[in-house]
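The values are calculated or read from the model by the stated rules, or taken from the named source; none is laboratory data. Keep in mind that this is a model prediction, so the values were computed, not measured. Using ideal geometry, Cβ is built from the backbone for each residue, glycine included, and neighbour counts are taken over all protein chains shown. What goes into the accessible areas is simple: the full protein's heavy atoms, side chains included, and nothing from ligands, DNA or RNA. Shrake-Rupley method; radii C 1.70, N 1.55, O 1.52, S 1.80 Å.
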Amino acid sequence: MKMKTYEAIKQEREYQDERFNEPENQISEFLLIMERCLDKAKTRWGTEGAQGALDEIRQVTAVGVACMDQHGAVLRQTVPA
């Protein structure tokens, strides 16, 4: 299941790169784009159910990946048990 998930995100990133061939965005711009996608996911959940919401969740996840690609990925700090 995980490989299918990562493949969906990879395909979405490739689509976004082709469609939105823009210079770097600020983190604040990425946040606004992600917020818009999440709002759409909530709306589509109500009108289309899981499939509509998941379509938007794929997009918001890929936007988050694009943000980290441009601005750096912060690794989770492990907390000793």
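Do we find that Ala73 is part of a helix (DSSP H, G or I) and aliphatic (A, V, I, L, M) in this structure?
no
Pick from Gln59, Gln70: which is surrounded by 17 or more Cβ atoms within 10 Å (Cβ to Cβ) and touching a residue at least 24 places away in the same chain (Cβ under 8 Å)? Don't jump to the end; show me each part of the working.
Numbers: Gln70 fails: surrounded by 17 or more Cβ atoms within 10 Å (Cβ to Cβ).
Going through Gln59, Gln70 in turn, the sole match is Gln59.
So Val79 ticks every box in (1) open to solvent by 40 Å² or more (accessible area, probe 1.4 Å); (2) more than 14 Å from Gln11 (Cα to Cα); (3) assigned to a helix (DSSP H, G or I) but one. Which box is left unticked?
Condition not satisfied by Val79: (3).
Of all the residues that make up segment 13-39, how many are open to solvent by less than 100 Å² (accessible area, probe 1.4 Å) and under 11 Å from Gln59 (Cβ atoms)?
Counting residues in segment 13-39 that are open to solvent by less than 100 Å² (accessible area, probe 1.4 Å) and under 11 Å from Gln59 (Cβ atoms) gives 6.
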